[in-house]
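The values are calculated or read from the model by the stated rules, or taken from the named source; none is laboratory data. All values reported here derive from a predicted model rather than from experimental measurement. Every residue, glycine among them, receives a Cβ derived from its backbone with ideal geometry; neighbour counts consider all protein chains shown.
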Amino acid sequence: MADACVIRTETLTRDFATVLSVRGFRKVYGNFVAVDNISFEVQRGEIFGLLGPNGAGKTSTLECLEGLRRFDGGALNVLNVAPDREPRKLRNLIGVQLQTSGLPATMRVDEAMRFFCAYHDVAPRYDLLERLGLKEKQHSQFRELSTGQQRRLGLALAVAHNPPVVILDEPTAGLDVGSRVELHSLMHELKAGGATILLATHDMAEAEKMADRVAILLRGAVVATGTPRELTAAGSGLTKISVRTDLSVLHHNSAAFPGAQQHLVKEEYAVYYSTDPGPTVTALLGYIAAQNDKLIDLRVERPSLEERFLEITDPGVAQ
């Protein structure tokens, strides 16, 4: 990776353990309460995931943190700056990738980069266009870009001024696999350089892979917070154990194994769902050996964040 692409923000955040603070935040639209008294903090150098179904209040929260909307209660703070009262101070502290871009349809890619960098008083970051696969499109108009290319341009513009706080709203929506991998790599680089990232996403696999901690919003309230592993461990989900053997002795076996709650056969695998996978696996291996069978494949999969998310937000679907 070229040194020109490395993003360093430690000097801007080293005096702050808590980079972003939301306390008693409330947002109302007419008679509709979109967000009701939520609180959370994001620490320096974290990737913090903000999760929730449509209408949960994620975008309202982000837009108020970005200074785009007024809010109706509580306090918001970004590096000791109040977004609603100090927009000039805020603009160089944050980089924002919105769900939809407001760029003019006829603006060229290189023009957009020059414009945004001039706004932040930094040199144009054409290296980011190359990094995100947009070099060949730099003279193309915005309307000529694919959805994925538009989102990659939005990300490049969001981080071009090396902001200490990056807010990403559904950053991988519409991206192909290669672009998603590159975006995740850039997020890791931003974090390594000292940036703090607030990530709103519907992609639970992305949140589980990328986020240090997450908050789940439901109907305008925070209903769960913690690391992805903490959240999945707190659920009622069972660990999935898939076993394939040479003689398939487990396919028609009715023996009980410690911790195993369910047993089914799927293609060449005997599949068990366990509340205590350690004893279950030990007993399974002992049984296979006693039956003079040979283990070919063993897979142990803990409950996913997506399963836990459904358990919290839509219990009927999770069951």
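Annotations
- If you filter the stretch 35-67 down to residues that are touching a residue at least 60 places away in the same chain (Cβ under 8 Å) and of a type in the set (G, A, S), you find that the one that is farthest from A211 (Cα to Cα) is G55.
This table checks each residue for (1) assigned to a loop (DSSP other than H, G, I, E, B); (2) modelled with pLDDT under 95; (3) within 28 Å of the chain's Cα centre (by Cα).
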{"residue": "E111", "(1), (2), (3)": "no, no, no"}
{"residue": "D121", "(1), (2), (3)": "yes, yes, no"}
{"residue": "L129", "(1), (2), (3)": "no, yes, yes"}
{"residue": "G148", "(1), (2), (3)": "no, yes, yes"}
{"residue": "R151", "(1), (2), (3)": "no, yes, yes"}
{"residue": "L155", "(1), (2), (3)": "no, yes, yes"}
{"residue": "A158", "(1), (2), (3)": "no, yes, yes"}
{"residue": "N162", "(1), (2), (3)": "yes, yes, yes"}
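- Residues in the stretch 251-286 that are more than 25 Å from A234 (Cβ to Cβ), aliphatic (A, V, I, L, M) and in contact with a Phe, Trp or Tyr (Cβ under 9 Å, 6 or more places away or on another chain): A255, L264, A283, L284.
- Lone unmet requirement of (1) modelled with pLDDT of 90 or more; (2) surrounded by fewer than 19 Cβ atoms within 10 Å (Cβ to Cβ); (3) on the phi < 0 side of the Ramachandran plot for V177: (1)
- Flag if G226 is within 19 Å of P303 (Cβ to Cβ) and assigned by TED's automatic domain parsing to the domain that holds G24: yes
- Restricting attention to the stretch 88-109, the residues that are closer than 24 Å to A195 by Cβ and either of a type in the set (D, E, K, R) or more than 26 Å from the chain's Cα centre (by Cα) (or both) total 4.
- Hey, A211 closer than 30 Å to L50 by Cβ, small (G, A, S) and surrounded by 15 or more Cβ atoms within 10 Å (Cβ to Cβ) or not: yes
- All told, T239 meets the bar of being touching a strand residue (DSSP E or B) at 6+ places or on another chain (Cβ under 6 Å) and farther than 27 Å from S60 by Cβ.
- Criterion violated by G194 - all others in (1) surrounded by 15 or more Cβ atoms within 10 Å (Cβ to Cβ); (2) in contact (Cβ under 8 Å) with a residue 60 or more places away in the chain; (3) within 18 Å of E306 (Cα to Cα) satisfied: (3)
- Search result, residues across the stretch 239-271 that are crowded, with 18+ Cβ neighbours inside 10 Å and among the small types (G, A, S): G259, A260, A270
- Helices (runs of 4 or more DSSP H) completely within the stretch 208-319 that count 2 or more residues being among the charged types (D, E, K, R): 228-234, 305-313
- Selection within the stretch 68-102 - in contact (Cβ under 8 Å) with a residue 40 or more places away in the chain and either in a loop (DSSP other than H, G, I, E, B) or not assigned by TED's automatic domain parsing to the domain that holds Y29 (or both): R69, F71, D72, L79, N80, N92, L93, L98, Q99, S101
- Test: residue in the stretch 207-219 that is in contact (Cβ under 8 Å) with a residue 60 or more places away in the chain, out of contact with any Gly (no Cβ under 8 Å at 6 or more places or on another chain) and not β-branched (V, I, T): yes
- Any hit, the stretch 119-139, residues being in contact with a strand residue (DSSP E or B) (Cβ under 8 Å, 6 or more places away or on another chain) and of a type outside the set (V, I, T): yes
- Here is the figure for the stretch 41-67: residues that are surrounded by fewer than 21 Cβ atoms within 10 Å (Cβ to Cβ) and assigned to a strand (DSSP E or B) total 2.
- If you check I94, I38 for being at pLDDT 95 or above and in contact with a Pro (Cβ under 6 Å, 6 or more places away or on another chain), only one passes: I94.
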